[in-house]
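What follows is calculated from the coordinates using simple rules that are stated; it is not laboratory data. Source: prediction; values computed, not measured. Don't worry about glycine lacking a Cβ; one is built from the backbone with ideal geometry, like all the others, and counts go over all protein chains shown.
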Amino acid sequence: MISLQAISKYYGRQTVLADASFQLNPGNKVGLVGPNGAGKSTIFRLLTGEESPDRGEVRVPKNLTLGYFRQDAGDPSKDTVLDAAIKGCGRLGELHEQVSVLEAAMEDPEQMDQMDSILEQYGEIQGEYQQRGGYELEARAREVLHGLGFDDASMEGTMATISGGWRMRVSIAQVLIGNPDVLLLDEPTNHLDIESILWLEGYLKASSSAILMTSHDRDFMDRIVTHIVEIDEGSLITHTGDYAAYEAASALRTVHSEAAFAKQQSMLKREERFIERFEKNAGKASQVQSRVKKLDKIEKLLPPKKRVLVPFAFRQPPRSGNDVATLKEISKSYGEKVIYDHFDFEVKRGERWCVMGGNGAGKTTLLKLIAGIIQPDGGTARLGASLKLGYFAQSALEVLDPAKTVWKQIDDVFPTATIPSKRTLLGSFDFPSDEIDKPISVLSGGEKSRLVLAQMLYDPPNFLVLDEPTNHLDLDTKEMLIKTLSKFDGTMIFVSHDRTFLRGMANNVLDLSGVDNKGQTKPMKYGCAYEEWVDRTGHEAPGVWH
């Protein structure tokens with residue numbers, strides 16, 4: 001179908017791809033993996049023609065349709081969400097607009113003298129429009145937008161009135177609605193809640209399109225992909241199976257590489273000792289020369305490189321009182337929308353609550369009430385004794401000073417801490433020594449999140465309130481964070497769309513979209529881990545069956 005043939009790509013002196021080859025066949029669903037800066041976005045741009053290789057060939061059949069979702073929220077236009085989704089869905093969207101214009105022209109008395117030409121154009125365009133499924137376009141657009149979290153009312157709202165995260169969902173919808181032959185998806189789950197992620201999983205699994213995607217959500221990848229393509233120092237290595245199979249094969253390959261390297265190093269040392277011992281012995285001269293020539297011809301193996309993020313060994317926070325947070329008769333509304341109505345909730349020491357709920361259920365509102373960011377309209381929200389609270393949300397990134405470097409940020413906040421301890425902290429959160437002088441102004445969203453979390457956990461609070469702490473974090477950093485927080489001896493309440501984080505952290509579940517025995521929607525509390533909640537309720541998220 002589409003392929004990269006012996007591709008090389010350079011940016012200045014940096015080699016991104018070196019004689020790399022890869023083929024995406026019909027029906028393949030492929031996960032593209034590699035560390036930041038390895039060249040994942042470069043591959044997407046090569047396939048779309050936005051960039052050209054320095055050597056090699058990119059083969060894309062002429063009539064093949066590509067749909068490319070990138071991290072771009074689009075313009076806040078005056079179009080409705082529905083119209084924007086349809087207009088941006090590629091060739092079918094163009095045809096839809098042309099058909100609409102021509103149909104309006106046919107009803108316009110002032111254009112009667114041009115009717116023959118209009119009818120001829122309409123006949124040509126209408127045939128292709130019908131063949132591509134144009135008359136089901138609006139229904140398909142509504143289905144996709146519903147799946148991505150839009151209700152009917154919000155579809156009629158304008159793009160200018162929704163946030164960047166929701167405009168990003170429209171961008172995903174545009175790609176899916178067009179039903180292209182190939183889907184290129186760059187981190188499609190970054191701005192989705194768990195309900196929308198689960199819907200997208202089902203949609204992509206059922207799709208006939210070939211898929212090439214990157215994702216920091218291993219559950220999402222495991223359930224969709226049939227192959228993994230790894231970018232390894234400029235080469236592209238294809239693995240059959242899901243991410244779990246790739247991870248197992250990669251670990252085995254690393255073990256074999258380490259064994260081969262150790263074996264060669266042992267042999268080289270033996271030969272070098274023999275040469276050093278007998279280099280001045282005339283009787284052994286021929287043997288020494290033979291071994292020197294042998295060593296010169298041997299291709300030296302390099303030690304296998306592997307990225308390992310070691311969990312940060314933070315000191316345990318001081319013990320809090322047993323009553324950490326108490327909400328009594330809480331009421332909260334936004335305009336006419338009631339979020340909470342006489343809601344009672346308690347958090348006890350050592351509990352780790354994950355907060356589940358559909359769009360608008362009040363997950364972030366609850367965390368803000370607990371953290372004191374907002375006040376209830378009625379009732380009381382009270383924190384317990386001996387409490388040090390740490391609140392993380394996307395707005396928490398604003399605590400960073402863009403004029404500072406990574407090191408300066410941490411050094412200024414903890415001036416009396418030792419340099420080695422601060423370097424260890426930054427290394428654990430994937431800021432090696434050659435990156436600590438990076439200006440904060442150039443950091444990505446994921447890098448900023450890592451820096452804020454590092455700053456929070458260096459002198460850890462005993463009550464963590466976390467709103468989507470894994471947003472934009474890659475798989476290795478998420479795993480490190482889970483291992484780090486698993487040793488946390490305090491209390492936690494959090495919202496997350498990442499099922500690996502939910503499984504690793506939660507020992508209690510609050511379902512704000514729960515349904516009681518009478519079929520009434522009300523917050524439901526479960527004193528169990530996330531996995532047990534899934535087993536007990538049959539849902540991976542409120543309203544989404546497992």
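Peptides 196-205, 12-21: what's the order by average Cβ count within 10 Å, highest mean first?
Working: 196-205: 18.9, 12-21: 14.9.
Those peptides, ordered most packed to least, come out 196-205, 12-21.
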Pseudo-spin-label distance residue 536 to residue 131, built 7 Å along Cα→Cβ, given in nm, is 5.7
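Using a Förster radius of 56 Å, what is the FRET efficiency between residue 23 and residue 359 based on their Cβ-Cβ separation? Nearest 0.05, please. Walk me through the numbers on the way to the answer.
Working: r = 39 Å, r/R0 = 0.70.
Using R0 = 56 Å, I get an efficiency of 0.90.
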Under a straight-distance cross-link criterion of Cα-Cα below 29 Å, which lysines are reachable from residue 337, leaving out those fewer than 8 residues away in the same chain? 78, 328, 363, 368, 518, 522, 525
Set Lys and Arg Cβ to +1 and Asp and Glu Cβ to -1, take the dipole of the chain about its Cα centre, and tell me which of 153, 357, 123 lies farthest positive. 357
Let me know the shape class of the range 215-331, please: from the alpha-carbon gyration tensor, a ≥ b ≥ c as square roots of the eigenvalues, rounded when a/c is under 1.5, otherwise prolate if a/b is greater than b/c, or oblate. oblate
Charge dipole (the chain, unit charges on Cβ, about Cα centre) - positive-most of 515, 18, 4: 18
With 13 Å as the cut-off, how large is the P(r) tail for the range 257-297, expressed as percent of Cα-Cα pairs? 54
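Starting with the highest mean, order 475-482, 252-259 by the number of other Cβ atoms within 10 Å, averaged over the residues of each peptide. Don't skip to the answer; put the middle values down first.
Numbers: 475-482: 19.4, 252-259: 12.4.
Highest mean packing first, the order is 475-482, 252-259.
All other residues with a Cβ under 10 Å from the Cβ of residue 167 taken together, and with Lys, Arg as +1 and Asp, Glu as -1, what is their net charge?
Net local charge, residue 167 excluded: -1.
Which order do the peptides 99-112, 400-413, 223-236 take when ranked by the mean count of other beta-carbon atoms within 10 Å per residue, highest first?
On the way: 99-112: 12.1, 400-413: 15.9, 223-236: 18.8.
Ranked by mean Cβ neighbours within 10 Å, highest first: 223-236, 400-413, 99-112.
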Lysines whose Cα lies under 24 Å from that of residue 293, excluding same-chain neighbours fewer than 8 positions away: 263, 269, 280, 284
Row for the chain, column shape: gyration tensor on C-alpha, a ≥ b ≥ c, rounded if a/c < 1.5 i.e. under 1.5, prolate if a/b over b/c, else oblate; value oblate
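Could you work out the relative contact order of the chain, using alpha carbon pairs under 8 angstrom and six or more residues apart, expressed as a whole percent? All intermediate terms of the calculation are to be shown ahead of the outcome.
Numbers: 924 pairs, mean separation 74.4, N = 546.
Relative contact order for the chain comes out at 14 percent.
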Name the residue farthest towards the positive end of the dipole of the range 257-297 from the options 282, 292, 267, assuming +1 on Cβ of Lys and Arg, -1 on Cβ of Asp and Glu, about the Cα centre. 282
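If r is the Cβ-Cβ distance from residue 87 to residue 146 and R0 is 22 Å, what FRET efficiency results, to the nearest 0.05?
Working: r = 18 Å, r/R0 = 0.84.
So, using R0 = 22 Å, E works out to roughly 0.75.
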What dipole magnitude, in Debye to the nearest 20, does the range 257-297 give about its Cα centre under +1 on Lys/Arg Cβ and -1 on Asp/Glu Cβ? 160
As a test, work out the antiparallel percent of DSSP beta bridges whose residues both lie in the chain, rounded to the nearest 5. 55
Residues listed by number, the range 83-108, amide nitrogen under 18 Å from residue 121 label point at 7 Å toward C-beta: 92-108
Could you size up the charge dipole of the chain around its Cα centre, putting +1 on the beta carbon of Lys and Arg and -1 on that of Asp and Glu, and report it in debye to the nearest 20? 3940
Once you list every other residue whose beta carbon is under 14 Å from the beta carbon of residue 529, what net charge do they have if Lys and Arg are +1 and Asp and Glu are -1? -1
Taking the Cα centre of the range 436-531 as origin, work out the dipole magnitude from +1 charges on Lys and Arg Cβ and -1 charges on Asp and Glu Cβ, in debye rounded to 20. 240
Can you give me the C-alpha center-to-center distance between the range 266-287 and the range 1-39, rounded to a whole angstrom? 45
Give me the percent relative contact order of the range 323-545, please, defined on Cα pairs under 8 angstrom at least 6 residues apart. 25
The local net charge around residue 3, scoring Lys/Arg +1 and Asp/Glu -1 for residues other than residue 3 whose Cβ lies under 13 Å from its Cβ, equals 0
Within the set 422/448; 40/422; 9/305; 388/478, which residue pairs have Cα atoms separated by over 27 Å? 40/422
Volume per residue of the C-alpha convex hull in the range 323-545, rounded to whole Å³: 135
Over the alpha carbons of the range 294-444, what is the largest minus smallest coordinate on each principal axis, giving the biggest first in Å? 81, 37, 34
